[in-house]
Amino acid sequence: MSIRGSNFENQHPFASDHALVWERCIPDGLLYGVDMSFTPTLFTIGTGFMLVAGRMFEITAAENISISPGSGYARVYVAIDTGGAATENSFNQVTFGVDYAANLDSFAELTQEAININQGAAVYQAEVAVLSIDNTGATAIERQMELVSPSAGSGAFAAIAVTYPAGSTVTVTDGKITYTSSNTSGAALFIIPYAATWTVTATDGTETATETIEITAENQIVSVTLAYSFYVYNLGDECVDVSGGWVGKALGLNTEFPTGSVPKITKGPTTITATGTAAGSNTSTNGLFYAANKIDLTKVKSIEVKFKGSATAGQSTFRILSGFGTYMVDTAVAGLSPSAANTWFVGNVDTGALTGEFYLGFNVLLANRYIEMEYLKCIC
Amino acid sequence: MKIYIDADYKCHVSNDGIMRAFEVPEFDGKSPAFIEGYRYIPAGETWTNPQGAKCSGVSPWRDLNLLNEFQAQYVAQINAARAAYTEGVNSI
């Protein structure tokens, strides 16, 4: 048997073991503080914490690195040398250095040995900043080490592409990490660092839409479309862009009420009413009062409707229809009846299992029966 | 059609002894498999869906395309049985 235990009972974990895990999961970067500034001849690295090759260290007093004047660029780098002194009373494994190049991309290659394997002496260098220089010295910071972000570099595990209403803000969170869209364009791509259940939420300050995504596999890419709730009718507004207008249709209910009769529609300032009609003395009529456009319910989780009717079960009923059949019941896939006659009623119908386009409407049975609607809202 | 609902408001065509019975015309002519893909929440009661909406009425909890397929097979079986019966009667 030739196995060395690391984080096991009675086994000795090396610092490099710990650093190896971090190195594999977290890119080089700043953890806290480490403000950077410069004068023409001096580059200053402020106090704070850094993580390089999985090795974390604290700068306890500002580091000043001399910058020589010239033409081109100066690169400040940090070097970890695991062969340096590291005792209880002294530490000399982290230093800063500077080198120069004529162009931004012509610096010598940094030494990046595997310092977390074999517990031996090795060197790992990482760029901290690059400054432009002229004959007076440093003139600007061209680039610098960033705050560590789990979504950067080797932290990528999967991705969630989100399409959302433009003008909104999107967040993606697993409860530990939260990412926020950088703009409100209507499309965003989030790099996900690990497998988890992620909640994607869009909000414009008033409306909110949310989806839950299970990220289970590396390189998994999930597309999500978020949509806000919308009205198909609301307080006198027929929402024509969505509904196509509210209309009547002669359509029998079933074999008991087989005769179709177009209901009469009355448009009020805040409500719309459909009243049953009958040809002559026909007492077996039924009409449909509905939004002319089919509505896509794929993203709609429930429909909330406020209405009242002259009767309850089956006679003044909100119905979701997949199309038009011989009778209304042939294509009715869901529905809702008021709990009492002639009383305003707010109800929700669960539509989570419905995908595709459907007609939304009410059946109005017999002459002089009615339904009156205040709003119909699709909740996504 | 007489159906039974369990504590989760899911519909059944037979009673396990603790279900509640309701007459629901919407299920007239529907197959057992179709009916058992639905919830029925009686007037005055609500069931809260995963998004938090307090729902009532009749709505599917299984995929509607699947339920429609169940129903189509059920209707085809009934039509086949009727045709066989008619053929039998005519042959007498």
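Values quoted throughout were computed directly from the atomic coordinates according to the rules given, and no laboratory measurement underlies them. On a predicted model such as this, the values are computed, not experimentally measured, just so you know. Quick reminder, even Gly has a Cβ in these numbers, built from the backbone with ideal geometry, and neighbours come from all protein chains shown.
Compute the relative contact order of chain B as a whole-number percentage, counting only Cα pairs closer than 8 Å that sit 6 or more residues apart in sequence.
So the answer I get is 22 percent.
Excluding A:Ala53 itself, what net charge comes from residues whose Cβ is under 13 Å from its Cβ, given Lys and Arg +1 and Asp and Glu -1?
Here the charged neighbours net out to -3.
Loop only by DSSP, 15 or fewer other Cβ within 10 Å of the Cβ. Give me the GluC sites (Glu not before Pro) in region A:51-92 that pass, ordered by residue number.
A:Glu88
Counting only residues 5 or more places away or on other chains, whose amide H sits under 5 Å from the amide H of A:Thr139 once H atoms are built in the peptide plane?
It is A:Ser132, A:Ile133, A:Asp134, by chain and number.
For a bin width of 5 Å, list the pair-distance distribution of chain B built from all Cα-Cα distances, rounded to whole %.
3, 13, 20, 19, 16, 11, 7, 5, 3, 2, 1, 0, 0
Given labels modelled 7 Å from the Cα in the Cβ direction, how far is it in nm from A:Ser71 to B:Thr48?
7.4 nm
Report, by chain and number, residues whose modeled amide H sits under 5 Å from the one on A:Gln112, excluding near sequence neighbours (fewer than 5 apart, same chain).
A:Gln125
Quick one: pull the percentage of alpha-carbon pairs in chain A with a separation above 36 Å.
For chain A, the fraction of Cα-Cα distances above 36 Å is 52 percent.
Mean separation of Cα pairs under 8 Å and 6+ residues apart, divided by the residue count of chain A: what relative contact order is that in percent?
11 percent
Taking 8 Å as the Cα distance limit and 6 or more residues as the minimum spacing, I'd like the relative contact order of region A:122-230 as a percentage.
Relative contact order for region A:122-230 comes out at 25 percent.
Ordered by residue, what ³J(HN,Hα) values in Hz, to whole numbers, does region A:130-142 give under the Karplus form 6.51 cos²θ - 1.76 cosθ + 1.60, where θ = phi - 60° and Gly and Pro are x?
Each residue's phi maps through the Karplus curve to give 10, 10, 7, 10, 9, 6, 9, x, 5, 10, 6, 8, 7 Hz.
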